Amino acid sequence: MNKLLFIVFAAFSAACSDTTPPPADPQATPETQALYRNLFRIADEGVMFGHQDDALYGHDWKYEEGRSDVRECCGDYPAVFGWELGGLETGADRSIDDVPFAEITRLLCAAYGRGAVNTVSWHPQNPESGASAWDGKTSTAVSSILPGGANHAQFRLWLDRLAGFFVGLKSADGTCVPVLFRPFHEHTGSGFWWGEAQCTPDEYKALWRFTVEYLRDVKGVHNLLYVYSPDLYRDAEHYTERYPGDEWVDVLGLDAYHRPQDWDFLSGGERMLSTLQRLGHEHGKPTAFTETGLEGIPDTAWWTRRLLPVIRGKGLSYVLVWRNAHDRPTHFFGPWHGHASEPDFRKFAANREQPVLFESQLPDMYH
Ligand code: BMA
């Protein structure tokens, strides 16, 4: 190839590889847009490792500044920090896990300051009964909060409170901290009032679209990327049955816990994450294993024998394991220092076949 042709070709490829679709919020802040572009790019370097509530508490401690069960096992903080907003909708100042929202704000902003990525889940109470998110007895909760529904005004108030939280996430230099927001998750299951048995596909889509539209267009929240995260699913049709559409979603996720009595994690994980990879390509979205874990980690080689094989080569931007509760000794999904799976976690963290990225290994995700 002559030199001129080569330069034209190189410029063309650079332009192409730089073309990522715009996020669901075209007015997303520059840092949020940069994070979105980098979610695509990071998958070529490795899978970011995430842990829910990592900076707040661990297996046998809580609120000790700087501590992290993950760091105590592998020497580095997670690349992705998960946080939970359940309870915020009621105006409470502590979450359903008894965590002060002010602490979440402070530590989430600190994680951003160190270059990490933040994601937020939300287990809002049942709008009809006032019981928890797990109250899925009726099939009218979702329709009751849609426009025209008896609880619609209440739902707007919930979103007002969420919007207040999101716009209040300010870094030291005043930048609004970008967040991967993952509402109404696991909806291919029926564990929550917005689940498959509790509402129709059209109601679910309307709920999603209203939420995005209200936060973005009415409340002017522009630091969010929206993550769609079904539970276990049968096939691509099942995955997309309640999908609100490409213009409403930024990241395609999957929540799938290893429950040996219910399904085979290796073959099921392979199937679901391969389909997710294909869907990511078809829809032009980055993908993530948004929640997973084996409760209590009874398999001491779970990290390299189970998790690593299913995430290997799937093009995921991140994988997040659920929280290590400080007040329930067997409710943990992440590693902790002294647990029998710790050496295997270190191997997982250092493996070279499928790089797993921690906080200090991240490139600048926000520019
Ligand atoms: C669940 C459990 C609960 C917790 C909820 C929200 O999966 O860990 O104990 O309240 O997540 O964090």
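Laboratory data are not the source of any read-out in this text; all were calculated from the coordinates shown. Because the structure is predicted, anything quoted here is derived from the model rather than measured. As a convention, Cβ positions derive from the backbone with ideal geometry for all residues, glycine included, and neighbour counts pool all protein chains shown.
Which ordering of Val70, Val356 is given by a fewest-first count of other beta-carbon atoms within 10 Å?
Val356, Val70
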Handout entry: Restraint check, Lys170/Lys219; Lys137/Lys314; Lys137/Lys170, Cα-Cα greater than 27 Å
Key = Lys137/Lys314; Lys137/Lys170
Problem - Point-charge dipole on Cβ atoms (K/R +1, D/E -1) for the stretch 133-183, about Cα centre, debye to 20 - result: 60 debye
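To make sure I understand, if each residue's beta carbon is the centre and we count other beta carbons within 10 Å, what order do Val99, Val218 fall in, fewest to most?
Val218, Val99
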Handout entry: Considering only the stretch 54-200, percent of DSSP beta bridges that pair antiparallel, nearest 5
Key = 35 percent
Problem - ³J(HN,Hα), Karplus 6.51/-1.76/1.60, whole Hz, each residue of the stretch 260-276, x for Gly, Pro - result: x, 6, 9, 7, 8, 5, 5, 6, x, x, 4, 4, 6, 6, 5, 5, 4
Handout entry: Electrostatic dipole magnitude of the stretch 26-65 [Cβ: Lys, Arg +1; Asp, Glu -1; Cα centre; debye, to 20]
Key = 300 debye
Handout entry: Sites matching trypsin sites (Lys or Arg not before Pro) across the stretch 30-118 that sit in DSSP coil, with at most 13 neighbouring C-beta atoms within 10 Å
Key = Arg114
Exercise for the section: Can you tell me the relative contact order of the chain? Whole percent, Cα pairs under 8 Å, sequence separation 6 or more. Expected result: 24 percent
Fill in the blank from the handout: The size of the Cβ-based charge dipole (Lys, Arg +1; Asp, Glu -1) of the chain about the Cα centre, to the nearest 20 debye, is 640 debye
